[in-house]
Structures are given as C-alpha cells and as structure tokens.
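Working notes, beginning with the structure itself.
The values are calculated or read from the model by the stated rules, or taken from the named source; none is laboratory data. These numbers come from a predicted model, not from an experiment. Ideal geometry is used to build each Cβ from the backbone, glycine not excepted, and the neighbour counts take in all protein chains shown.
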Amino acid sequence: MRAKNVIAAVVCLLLTSAIFAQKRNITEKDIFSFTWIGDTQLSPDGRRAVYVQTTVNAKRDGYDTALYLLDTGQSMVPARRLTNGPHDGQPRWSPDGMQIAFTRALEKDGKPQPPQLYLLSLAGGEPVQVSAMEKGVGSPRWSPSGSYLAVVSDTPIVPEPKGEKKEGAKLEEHKSDVRIITKAVYRSNGNGYIDGKDESQLYLFKVAEAGAKPVTALQMTAGRFSVSDFAWYPSSSHIYYTSEHVDEPYFDLPHNEIYVVDPPSDGQANGEKAPPSSALVAKLTFEASGLAISPDGKHVAFHGEDQPLAKPRSHQQGDMFVMDIDPSQPVSATPQVHNLTLNYDYEVGGGVGGDNTAPRGGGRGGLTWTSDSKSLIDVVGKQGSALLVSIDATTGSVKELTAEKQAVVGFAVKPDAKKMLALISTPVNIGDLFSVAMDGSKQQTQLTDVNKALFSQLNLTMPEDMQVTPTANAKDIPGSKIESFVQLPPEFDKTKKYPLILNIHGGPHSAYGWVFDHEVQWMAAKGYVVVYPNPRGSTTYGQQFANVIQHNYPGDDYHDLMDCVDAVLKVGYVDPAKTGVTGGSGGGLLTDWTVTQTTRFKAAVSQRDIADWSNWWYTADFTLFQTTWFEGAPFDKVEEFRKYSPITYITKVETPMLFILGEADYRTPPTAGGEDFFRALKYRHIDTVMVRFPGESHELSRSGQPWHRVERLENIVNWFDKYLMGMPEPQYDIVPPGATPASVKVN
C-alpha cells in the first residue's frame, strides 16, 4: 500500500508540473480575449443578478456589451446570456422582479446610435422599446411603485417651436459646421466638443404594456442647467436631484444644490406637458454626488468633498454626508448636513487604479442604505486596497466587510440589504463576482470565473509589497512609509540580474493597488522587474499624505520614487545599468520631470504628459488649477508655473524619450506635453520619437480602441528593449533599414 501511495504521489506531482509547464506568459494581445463584468444588479429577492458583460468585438476596434443573468445561489455556474447586444447596458430590475429595464444602442452604418430605453420581461419574449428620443436616454431608475421609469436625456436649452414657420423662411442651403464658443470649458475629454445648446434633463415614462409602441416622455425638468444625480423617494411621490445653477462655474470650487420635484400620480397619462416646478432643498458649498434616500424617507446620503473655503486643498478626501429631509415641511434656509466620516482618514467612495475595469458598461454601484435605515454600504480606498464597508448612519463608525490586498470595483445589494455581491479584482484576476457576508466576517464566495478559459493558461504572479522609508522631508508625512509594488518576471530567478521599469501613476491624487493591471503583468512577462510605487500625493493613505504635495508638484514625490528604485536595487536582482521610467498623465509629467533631474535612466516613455503648466492651463478641458494646484493664473504666478514645468529644464535631458500621445486627448493636450519635449529634444539631437494615436482620448490605456491599446503596450516595451536590452527596433530609426543614399554624379 505504501508503495502505491508513493507512486500515486509521484504521478500527481508529475501531472502538476506538466500543467504548470504548459502555462505561458501573458501577451499584449491577450486583451482581445478578456471578459469584463460591469453594472451588476441584484433582483429584489436576491436569487438572481443581472450584469453587463463586455468583450472585444470581432474587428478588434471596439467593444460589445450584453446582459447576463446569474443564479446567485450557485457557485461557479456560468451565467445565461439575456440579450444579443452588441450595445446593451444599464440594467435595472423592476420592484416586482418581473422585468428588467435597460438601454440599447442600435447600429446605423456601423456606428452606435443614441441609446434608447427597453423593457425585457423575465417571462419571455423579445425586449420592448420604450423611448425614441433624439439624443437618447441614460441612468434608468424605477419608481418604487413600479409605475414609472425615470431617465435623463440631453435637451435643448431653448425649446424648439413646434408647428411654426417664420414667414418668408427658406430651406437652409448650407448646414454650418462652424463652432461659436462662448464658455471657457468647450470640450470634454472622451466626448469631444460640448454642445452648449443642450443640457441633461429628467424624464418619466409610464411603464408600457408588453408589445406597446414607444411612449411619449413626460419632461420633469427644463432650462439651462443639467440634472446630475437623482433618486426616488420611497413613496414614489418625489424625486430628489442635484444640479449646479451657475452659468460659468469653472474657476470656483465645485458645488451644487439639491432639488425636489413631484411626479404626477400613477394614474396620470403621459403627454406633452410643461415641466412641473422644482423646489430647492439645500444649497451646498461642495458638490454632492450619488444621492441615496433612506427607506424610512427621513434622510438623504451622498458623497462629497467638503473643501475648506479659506484655503482649499489640492486633494480633499471623499466623505459620506447625511442630511435630514421631510417633503411635507418647508425647506430650511440652513439645512443640517452631517459629515459621517469626518474622522475616518480614508477615501470614502474611492478606490485604486488599474487599466482593466470594464471599458464599456462599467457602472460600479452606488452607496446603499440597509433596510432599517441605520447603515450605509459603500466602497473605500484604504492603503492600496478597495474595501466594501458598512457605515453607521448615526455615529459614522466603519465596519470593513471585505479583506485587504484586493480591490472591490463594483457591488450590488439586495433591497432589504440581506444579500450582497462584490465585483473583486486582484493583480492576477481582472474581476469576478463574489457573495459577501454582511456580518463583517469578511467571508466571500466566488460566483463567476469569466476569464477561466484564458487565465488558466497564463503564468501570473502576485506583486511583492515593499515598504520604503522616505528620505526627503519625511517630517511632512510623519511615520509614513512609501508603499511600492514590485512585479517580478514569471519564473523569477533571484540569482540573475534583470532590467527595471519604474512605472508612475497619474492623478497625481490616485493610487496603484491590489488590482489587475495588464500593463504591469505584460512588462514583467517581457523580462522586466516593474516597480510601481504610491509616492506622497497618492490617495488611500490619508488626507495629509495626499495633500502634502500641494503647491509643490512635482517635488518630494520625485524623491519618493527614487527611494523606491534604490530600495529594489539594494536587493541585488536588478542591473542598475538597465533601468527605464514611464508613466501616464501625472505620471507622464513626473517622467518628464525625472529625466530633467537625473540621468540614471537609460530610456523613458512619457505618456499623455504635461511639459508646460502654463500651456496646459490655457488648453486643457478643465480649469480647477487655482487655488488648489497653483495660487493663481500663469500670468499672475509666472515664476511658480515656470518652476514646476519640466520644459524649463529641457537642456538637462540626456535620456532617449518616446512619447505616447492621443490626438483627441483634451485632458492633457499633446501641444502642452509631448510635442514640446519632442521638438526640443530634436533640436538638441537627443533620440526621441512620438507615437500618436488617431481618435484616442486621455483614456487610451483603459478604454481605447483594442488594437490601439495593444500597439501602445508594444511601443512602450519596444523602446525599453531598444535601449535597455540592445534589441534592434528599426521602426524608430530616422533612416529606414535598407535605405541607400541617392546616386550623385560628381563632375
């Protein structure tokens, strides 16, 4: 018997080794096979969940989305596809659990049209179209009674006359494409130029009978100010919403108001009626988002960043606020708004960044009340993790419901708050749904494994967690360590010497963490040690740690980055002669800054960067640079803007640089970043290349065209291969390979 057991053990070991040996390293093109889960919603009875599943389309130039239905009572049983897509999203259960409302964008000439509202009966049959609005609809929400569906839709500020024709009017011979710009913010990253003639307004649809034709929407709000968030009152008798009633708010701190509007009684038919009047509930000094009304109807909760008005911070941590409401009473001139998490020093409603949240149909879930109106469920960013928590609605005490060293990127809670799902990502898993215990035991049961077919083939490893002592002005962040993640190559051998890539996150007020990041795994798979730190200025480590870089950026955060590189070099498995640096957005700025401060890096890749703060101030798609980032405008603070602009120190750069730029990036326009450095380095005869991506915005790395995302990764690593590994990369040569001089006849 003993011999048989030994033989069995050996056979088992050999099989395990064979399976491991069959695994391969991740590639840049594996993104084509990724599956993403987003916008998960639990049914009223908690037995089922509907979610949006996103995949790369067949042409690999975009993404498809469809709805899937999951049995939450069974673990690891594949979900059933509900809709055909290819552009379905925002599913919402009816209160009786018999229907699902969702949005669908049909295609015309190969392009998605504005999304419309549809209803799908769980009893069977095809989805029924409800809306037919010119600009489409979004954010569908059922009234608690189940009689109405509320949506938002872009609406002309000035209503178009109906049935009227001016005397002598002629057919327009030419439709002008000229833009007349009247506002400081006139374009938006990812959305293009802003149509100042439309604002988002609230509409209601009476729930149609099965098979009914699209119905006329009842407009609930109008005017020149948009509706942002909204929430139904439990009795369905009121809708609370947020809006900012300022025509040009760009150079003030964000703030808005809360309003209430009363829908018609359930028996009133839709029609073309004048919108009802709204009443002001609260005028806030900050911006409220994510409204949630308690089941007893006595409170409204929301997220906010309550900046000190006398001296605003460059980063104000998100908090949870609660305000008493009573629709039957006159509005108070000074509503009592209570900051529940004032003394909780982490990011309420925040999280950590990776490059693979769902690129379409993502919805993460909003803060949710428990049925007894005593607690709220939310996500917080804490020390590189994103946790699901329960917050006491009276005391603000926080109970963590999920474990650290992972990231909750979405969640759904049963209406009676007795069941909860979390979409959880780790450095080796894009994201799957888990059932989470409500008692704080942190028990979680995996329900899905949507990337099993692919990820079972991949050799992925968790990063190491390195805590580094800062050397520059450590007194500013007393007791703090700099957390640095270190991703080692697969089948790492500590006796070898590896090249290193320092990867810097953007923001600057954001954070790397325990979440899947394809870019990091891909670099490691190509043989690089990847160091990706959270220097001071990063979120999830407390208010002081994040805000300490105010009016000093870039600065000591650069020294933190160098400390993290030095800490890895001391371990001994990195070749100090083969180090590179890259980063995007704020990380692109810090990449530019780094090569002006040191020549230790042999190559750099700067992505969607900022080289000149003044130029950026004039051209970016948002305006909140003072007094939070700078204490004035560039013409008021000339030396300050110059001091912190990498372009000021361009003559110190000796590092070969490649620039990754999106040609539709309005957040960090190329003219304020890579283009400046590229031209200057060309003038100075420093090796440099621009790689420009047509049509891509600032979101290239996260939701850009799939092929472009692959080519971005390839170019980053190719540049490092050229200068750190000595590999030929002729695509970056000025003279193409094989080119010969022109024949010249000498007389």
Determine if the range 262-272 includes at least one residue that is touching a Leu at 6+ places or on another chain (Cβ under 6 Å), surrounded by 19 or more Cβ atoms within 10 Å (Cβ to Cβ) and modelled with pLDDT of 90 or more. yes
Look through the range 106-150, keep the residues that are hydrophobic (A, V, I, L, M, F, W, C) and not in a loop (DSSP other than H, G, I, E, B), and return whichever of them is surrounded by the fewest Cβ atoms within 10 Å (Cβ to Cβ). Val128
Check whether at least one residue in the range 648-655 is polar (S, T, N, Q), at pLDDT 95 or above and surrounded by fewer than 21 Cβ atoms within 10 Å (Cβ to Cβ), and report yes or no. yes
Restricting to the range 468-492, count the residues that are acidic (Asp, Glu) and modelled with pLDDT under 95. 2
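Yes or no, residue by residue, for (1) under 23 Å from Tyr723 (Cα atoms); (2) out of contact with any Phe, Trp or Tyr (no Cβ under 6 Å at 6 or more places or on another chain):
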| residue | (1), (2) |
| --- | --- |
| Glu491 | no, yes |
| Ile501 | yes, no |
| Asp517 | no, yes |
| Ala525 | yes, yes |
| Val529 | yes, no |
A careful count of residues in the range 450-492 that are polar (S, T, N, Q), farther than 28 Å from Ile37 by Cβ and assigned to a strand (DSSP E or B) gives 2
Could you pull out every one of the strands (runs of 3 or more DSSP E) wholly within the range 294-413 that has 2 or more residues that are within 30 Å of Ser143 (Cα to Cα)? 299-304, 319-324, 337-339, 375-382, 385-392, 407-413
Consider Gln597 against the criteria (1) within 23 Å of the chain's Cα centre (by Cα); (2) at pLDDT 95 or above; (3) among the polar types (S, T, N, Q): it satisfies all of them except one. Which criterion is unmet? (1)
For the range 393-406, pairs from a residue that is on the phi > 0 side of the Ramachandran plot to a residue that is hydroxyl-bearing (Ser, Thr, Tyr) and surrounded by 13 or more Cβ atoms within 10 Å (Cβ to Cβ), with Cβ under 7 Å and 6 or more apart or across chains, are Gly396/Thr341; Gly396/Tyr344; Lys405/Ser385
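To keep it simple, each residue is scored yes or no on (1) buried (at least 19 other Cβ atoms within 10 Å of the Cβ); (2) within 29 Å of Gly704 (Cβ to Cβ); (3) out of contact with any Cys (no Cβ under 6 Å at 6 or more places or on another chain).
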| site | (1), (2), (3) |
| --- | --- |
| Arg24 | no, yes, yes |
| Ile31 | yes, yes, yes |
| Gln41 | yes, yes, yes |
| Gly46 | yes, no, yes |
| Val56 | yes, yes, yes |
| Arg104 | yes, yes, yes |
Residues that are β-branched (Val, Ile, Thr) and either touching a residue at least 60 places away in the same chain (Cβ under 8 Å) or part of a helix (DSSP H, G or I) (or both), drawn from the range 671-713: Thr671, Val710
Report, by residue number, each residue of the range 646-681 that is within 17 Å of Trp617 (Cα to Cα) and among the hydroxyl-bearing types (Ser, Thr, Tyr). Thr648, Tyr666, Thr668, Thr671
Subset of the range 309-326 that is surrounded by fewer than 19 Cβ atoms within 10 Å (Cβ to Cβ) and out of contact with any His (no Cβ under 7 Å at 6 or more places or on another chain) - its residue that is nearest to Ile293 (Cα to Cα): Asp326
As an exercise: evaluate Tyr558 against (1) closer than 24 Å to Glu631 by Cβ; (2) not in a helix (DSSP H, G or I); (3) not charged (D, E, K, R) and give the number of the one condition it does not meet. (2)
Considering each residue of the range 482-513, count those that are among the acidic types (Asp, Glu) and out of contact with any strand residue (DSSP E or B) (no Cβ under 7 Å at 6 or more places or on another chain), and give that number. 2
Residue by residue through the range 305-356, note down the ones that are small (Gly, Ala, Ser) and within 21 Å of His238 (Cβ to Cβ). Ser328, Ser332, Ala333
Is it the case that some residue within the range 493-513 is among the hydroxyl-bearing types (Ser, Thr, Tyr), crowded, with 21+ Cβ neighbours inside 10 Å, touching a Ser or Thr at 6+ places or on another chain (Cβ under 7 Å) and part of a loop (DSSP other than H, G, I, E, B)? yes
Filter the range 613-670 for residues that are in a loop (DSSP other than H, G, I, E, B) and among the small types (Gly, Ala, Ser); which is farthest from Arg692 (Cα to Cα)? Gly632
From Asp517, Asp465, residue being buried (at least 17 other Cβ atoms within 10 Å of the Cβ) and either modelled with pLDDT under 95 or closer than 16 Å to Lys405 by Cβ (or both): Asp517
Taking the range 590-611, which residues are touching an Asp or Glu at 6+ places or on another chain (Cβ under 6 Å) and buried (at least 24 other Cβ atoms within 10 Å of the Cβ)? Asp592, Ser606, Arg608, Asp609, Ala611
Which pairs have Cβ atoms under 6 Å, sit 6 or more apart or on different chains, and link a residue in the range 585-598 that is over 21 Å from His698 (Cβ atoms) to one that is surrounded by fewer than 24 Cβ atoms within 10 Å (Cβ to Cβ) and of a type in the set (Phe, Trp, Tyr)? Thr596/Tyr649
Considering only residues of the range 188-224 that are farther than 19 Å from Val261 by Cα and of a type in the set (A, V, I, L, M), which is modelled with the highest pLDDT? Val207
Which residues, counting only those in the range 413-462, are touching a residue at least 60 places away in the same chain (Cβ under 8 Å), surrounded by 21 or more Cβ atoms within 10 Å (Cβ to Cβ) and β-branched (Val, Ile, Thr)? Val413, Ile430, Thr448, Val450
Which of the following residues is in contact with a Pro (Cβ under 9 Å, 6 or more places away or on another chain), at pLDDT 95 or above and crowded, with 24+ Cβ neighbours inside 10 Å: Val574, Val529? Val529
Take the range 606-644 and flag every residue that is farther than 29 Å from Phe720 by Cα and of a type in the set (D, E, K, R). Asp621, Glu631, Asp636, Lys637, Glu639, Glu640, Arg642, Lys643
For the structure I just gave you, tell me whether Ser278 is closer than 15 Å to Ile239 by Cβ, in contact with a strand residue (DSSP E or B) (Cβ under 9 Å, 6 or more places away or on another chain) and at pLDDT 85 or above. yes
Glu663: among the charged types (D, E, K, R) and under 30 Å from Val56 (Cα atoms), yes or no? yes
Let me confirm something: among Phe455, Phe492, which residue is closer than 30 Å to Leu70 by Cα and aromatic (Phe, Trp, Tyr)? Phe455
